[in-house]
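Okay, so here's the structure we're looking at.
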Amino acid sequence: MSGDERVDRLVRDADPGGLGGVGDLAGVKRALLEEIVSESGVEGGAGIARRRLRVRRFAGVVTAAAVLMSVVPASMVLRGQAEGGGVSPIVTPAEGVVFSPLVLAAAERNPRLLIDRPGWKVTDLSGFTEELGMIRFRRGERELEMNWFSAWVYTYRYSDRLADGPPKSVRVAGWPGDLFQNLNGDFTVLLRPHDDVVVEMSTSGNWSREDLDRVLADIVRVDARTWLAALPAEMVVPVGERAAKVLVDVPLPPGFDVAALEDIGVSDSYQFGVGVTSRVGCGWIAEWQRARASGDEAGVRRAADALRSSHGWRVLRDMDKAGDWPEVFWEYADEISAGTLRPSYVPGLGCQ
């Protein structure tokens, strides 16, 4: 079974909804994460975690932390970035920028590592969770991805990496770690647990050991405000502004609270789209269930029509080029249109 097939099995068949949407999801979350990080093969644990984050958002398994962000215009936040979105030089936030306590607390839980060299750009960000997250940097054809996990994952990841051969000791931003190189020539740096977090860095593209050493020497650990301020504009635009663009052609279920989208927090455009459409889909499913239970046939049709229209929503059509979330969403929407719904929609769409 390939790495992708193994992930699809985990996310399509593993059904925390078997708990009926209630119960101790913390145990389910740990069990799934344990299986993910202990996987080996084509992608390894970090790659599998990355794909899983890209595929879908689980309620209680992979969710954005409850974070709020109140900022002045993004152009002020990003005035220190290099042309083209690069992350150099590292600067402190512009005067007047205010990050909420919840955003700062979420950032404090993350490793907050940045490449302090011109030309490197943050292209993807998933996470702000207690368990795992990912940030990807790109310069030209080279990428460096950082996945972070809870410290207990370290033993699994170290054992997996030993399949690539004996490690070499390295230090990154004063943080000790081990360097591995696989048969394809790609490098992995596994940093040892620090502040209850372990970080695994993986390269893709044409890297030499000298290239890697230079970049590792330029990685710095910064405070939470500096880390947030260094993210690309799309990730720090106020949530209301981002949501308005996503929802431009999306019918909203009764009682939908756009302001509540604030707790999706800081993420790349794909993950933000997942968060918003998840809330919309779950809202329409709840309305469909209510209407069926009360004999409201017009309400049933209205909810089914809204979900059927998701095949034309611009946000999902754009996201379909980059990941599997739209396909998952459309599966459940089509079930509603046919008058059925599997219980797995709860974890599958992140409903609560």
How far is it, in nm, from the label point at residue 209 to the one at residue 327 when both lie 7 Å from their Cα along the line to the Cβ?
4.0 nm
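Can you check what the net charge comes to around residue 187, using other residues whose Cβ is under 14 Å from the Cβ of residue 187 (Lys, Arg +1; Asp, Glu -1)? Don't skip to the answer; put the middle values down first.
Details: positive: 142, 161, 168, 209, 214; negative: 143, 145, 164, 178, 186, 200, 210, 211, 213.
Counting the neighbours of residue 187, the net charge comes to -4.
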Per residue accessible area of the range 228-352, 1.4 Å probe, in Å²
41 Å²
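Per the 1.4 Å probe, what fraction of the accessible area of the range 205-291, in percent, lies on carbon and sulfur atoms?
Values: 1750 of 3180 Å².
In the range 205-291, the share of accessible area belonging to carbon and sulfur is 55 percent.
Could you look at the range 292-341 and say what percent of its accessible area is carbon and sulfur, using a 1.4 Å probe and all protein chains? All intermediate terms of the calculation are to be shown ahead of the outcome.
Numbers: 1160 of 2530 Å².
So the carbon and sulfur contribution to the accessible surface is 46 percent.
Can you tell me the alpha carbon radius of gyration of the range 171-314 divided by the globular rule-of-thumb value 2.2 N^0.38 Å?
Computed over Cα atoms of the range 171-314, the ratio equals 1.55.
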Between residue 183 and residue 169, 0.36 nm times their residue separation minus their Cα-Cα distance comes to what?
3.1 nm
Convert 20 °C to kelvin, take the viscosity as 1.002 mPa s, use the Kirkwood radius over C-alpha pairs of the range 132-185 as Rh, and evaluate the Stokes-Einstein diffusion coefficient in µm²/s, rounded to a whole number.
166 µm²/s
7 Å from Cα along Cα→Cβ at both residue 223 and residue 257: what's the point-to-point distance in nm?
3.3 nm
Label model pair residue 123, residue 309: point-to-point distance (7 angstrom along the Cα→beta-carbon line) in nm is 3.5 nm
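For residue 290 and residue 155, what does the FRET efficiency come to when R0 = 56 Å and r is the distance between their Cβ atoms, rounded to the nearest 0.05?
Working: r = 47 Å, r/R0 = 0.84.
For R0 = 56 Å, the calculated efficiency reads 0.75.
What FRET efficiency do you get for residue 162 and residue 194 if R0 is 25 Å and r is their Cβ-Cβ distance, rounded to the nearest 0.05? Write out the running numbers ahead of the final one.
Numbers: r = 21 Å, r/R0 = 0.83.
Rounded to the nearest 0.05, the efficiency is 0.75.
Does the range 267-319 come out rounded, prolate or oblate, given a ≥ b ≥ c as the square roots of the eigenvalues of its C-alpha gyration tensor, rounded meaning a/c under 1.5 and, failing that, prolate meaning a/b above b/c?
Numbers: a/c = 6.04, a/b = 2.15, b/c = 2.81.
Oblate is the answer for the range 267-319, as a/c is 1.5 or above yet b/c matches or exceeds a/b.
The values are calculated or read from the model by the stated rules, or taken from the named source; none is laboratory data. These numbers were taken from a predicted model, which means no experiment stands behind them. Cβ atoms come from the backbone with ideal geometry, glycine included; neighbour counts cover every protein chain shown. Accessible surface areas use protein heavy atoms only, side chains included; no ligands, DNA or RNA. Shrake-Rupley method; radii C 1.70, N 1.55, O 1.52, S 1.80 Å.
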